[in-house]
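*Asks:* I'd like to ask you about the structure that follows.
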Amino acid sequence: MPDTLLPPSVGIKHPDRLFIDGQWVKPSTDAMIDVVSPNTEETIIRIAEAREADIDRAVAAARKAFDEGPWPHLSHAERADKMRAIAEQLRARNDEFAYVWTEQMGALSSFTKTAGIDSAKTFEYYAGLAATFPWEEERQPGFGGGVSMVVREPVGVVAAICPWNGPLGTMVRKVAPALLAGCTVVMKPSPETPLDAYILAECMEAAGLPPGVVNLVTTHRDVADYLVNRPGIDKVAFTGSTIAGRRIAAVCADRMARVTLELGGKSAAIILDDIDIADVVSTLTPGMCRLNGQVCASLTRVVVSKKRHDEFVDAFASSMQGIRVGNSRSEDTQLGPLAMKRQLDRVEGYIAKGKEQGARLATGGGRPKDLNRGYFVEPTLFANVDNSMTIAQEEIFGPVVSVIPYNDVTDAIRIANDSIYGLNGAVFTNDVEAAYDVARGVRTGTFAQNAFKIDFAVPFGGFKQSGIGREGGQEGLLPYLELKTVHLPRVPRNLRG
């Protein structure tokens, strides 16, 4: 087969190389990673596989760029100028980002159209904070005279490790605030979806970042664990599974490295009795299809009163049965494939477990009969689910929803909180006061009324085992900064901007 099935319009220049110290370099071995289309099960391209020696090289480059290079010593305004240049490159290559997101993990082409533009806006947002963020603050000391200056400095070298479902967005939400802070970065994308990071690295190169400020290594989990263990890494920013997050947290704790974790979820949508069921279904159906059900914040548990349970299940099942499943490049497709074979196996395993444990399969549960290639599964709804069942407690990461009956609102909140996770949630009601009361009762990082909503203009992250720290908004910058208090007899004349 040819070296790549990507069209000429997607101009990845060096798929057989890694981006280290400002250069596209040959890896230490000839090992390669196959990138497979979930629509066709074909290998679309092969990319370089980094090993331990390559990790050492990338970390050393980032370490040197931070310890000896100009980047941390530039003004915030100067770094912001470079970030705006990166944003221009991202906008120029928007169509390529959109294409590879669909090709690698099956995201609908109707959803990926603005991938590069949205990421450019993230860089521009953080660049805009250069002039407004309180980098230095004067405080009055509690004892003695003089002043205390509280200053914020870069945390150091960051390992940015990202998942396969939203490969560009999750990477940019780490790299952009890290760069503004003055950090240097080693990017480690998922081996299933590395192409976004290749294009992003090319954008960094074109924008003229100093050597070593951003580096790219593509590899599997064993070598990623080696990266997390490197003493030259000051902070790990990770988005992915809770299992992997626990491992990273343990490794970082051992050497007191800083860590931000955006992990899994099992988010609940609570339906109060005053809301029209048709309105709820019209919101939950497209939300369930987002990234083909592979979103950590998806509302995968629907908590509805016992007296409305059957009515809701019938309406939601009917809506699901009308979802068009197919190739993610087709304009009329509403639900594409799962990202990979192991994810299909995982989802099918959970569906089998739901049946075994006594949940009622209301619709779906199998493979679409007309799709014999690709990693497709029908949208699936379980009814009469007990919250103790595996399908209600564990993150499935596919288009599978559990409906759980409740006795009263207090019971609904109890069910929503009966989870190791606390990432997202929603309440469906016409009463905004009731919505706010429910939101304050549910232990979760994000909550919405009558919506499945994720907004990275404001803080996003989780309670409990859904993570540590926040991404998005001004708060997304804080994990990349260290606080330093400087006691002085007076305020210096020339504070650094």
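*Asks:* How many residues does region 228-246 hold that are more than 17 Å from Lys464 (Cβ to Cβ) and either out of contact with any Lys or Arg (no Cβ under 6 Å at 6 or more places or on another chain) or surrounded by fewer than 22 Cβ atoms within 10 Å (Cβ to Cβ) (or both)?
*Replies:* 8
*Asks:* Exactly one of (1) assigned by TED's automatic domain parsing to the domain that holds Gly156; (2) out of contact with any Lys or Arg (no Cβ under 9 Å at 6 or more places or on another chain); (3) crowded, with 18+ Cβ neighbours inside 10 Å is unmet by Leu6. Its number?
*Replies:* Every listed condition holds for Leu6 apart from (1).
*Asks:* Filter region 136-149 for residues that are surrounded by 14 or more Cβ atoms within 10 Å (Cβ to Cβ) and either modelled with pLDDT of 95 or more or among the acidic types (Asp, Glu) (or both) and give the result.
*Replies:* Glu136
*Asks:* Among the candidates Ala107, Ala62, single out the residue that is part of a helix (DSSP H, G or I) and under 22 Å from Ala176 (Cβ atoms).
*Replies:* After applying the criteria, what remains is Ala62.
*Asks:* Looking for whichever is touching a Cys at 6+ places or on another chain (Cβ under 7 Å), hydroxyl-bearing (Ser, Thr, Tyr) and at negative phi here; the options are Ser190, Ser241, Ser267. Which one fits?
*Replies:* Ser190
*Asks:* Please state which of the following conditions Ala278 fails to meet, knowing it meets all the rest: (1) crowded, with 19+ Cβ neighbours inside 10 Å; (2) part of a helix (DSSP H, G or I).
*Replies:* (1)
*Asks:* For the subset of region 295-353 comprising residues that are polar (S, T, N, Q) and in contact with a Leu (Cβ under 7 Å, 6 or more places away or on another chain), which member is surrounded by the fewest Cβ atoms within 10 Å (Cβ to Cβ)?
*Replies:* The residue in question is Thr333.
*Asks:* I'd like to know if region 352-362 contains one or more residues that are assigned to a helix (DSSP H, G or I), more than 26 Å from Ala107 (Cβ to Cβ) and in contact (Cβ under 8 Å) with a residue 24 or more places away in the chain.
*Replies:* So far as region 352-362 goes, yes, one or more of its residues are assigned to a helix (DSSP H, G or I), more than 26 Å from Ala107 (Cβ to Cβ) and in contact (Cβ under 8 Å) with a residue 24 or more places away in the chain.
*Asks:* Asp30: in a loop (DSSP other than H, G, I, E, B) and either crowded, with 19+ Cβ neighbours inside 10 Å or out of contact with any Lys or Arg (no Cβ under 7 Å at 6 or more places or on another chain) (or both), yes or no?
*Replies:* The answer is yes for Asp30.
*Asks:* If Arg308 meets every condition in (1) within 24 Å of Ile415 (Cα to Cα); (2) in contact (Cβ under 8 Å) with a residue 60 or more places away in the chain; (3) not aromatic (Phe, Trp, Tyr) apart from one, which number is that one?
*Replies:* Every condition holds for Arg308 apart from (2).
*Asks:* Separate question: For residues that are part of a loop (DSSP other than H, G, I, E, B) and either under 23 Å from the mean Cα position of the chain (by Cα) or free of Cβ contacts under 8 Å to residues at least 12 places away in the same chain (or both), tally how many sit in region 331-351.
*Replies:* Residues flagged as part of a loop (DSSP other than H, G, I, E, B) and either under 23 Å from the mean Cα position of the chain (by Cα) or free of Cβ contacts under 8 Å to residues at least 12 places away in the same chain (or both) within region 331-351 amount to 7.
The values are calculated or read from the model by the stated rules, or taken from the named source; none is laboratory data. Source: prediction; values computed, not measured. Reconstructed Cβ throughout: ideal geometry from the backbone, glycine too, with neighbour counts over all protein chains shown.
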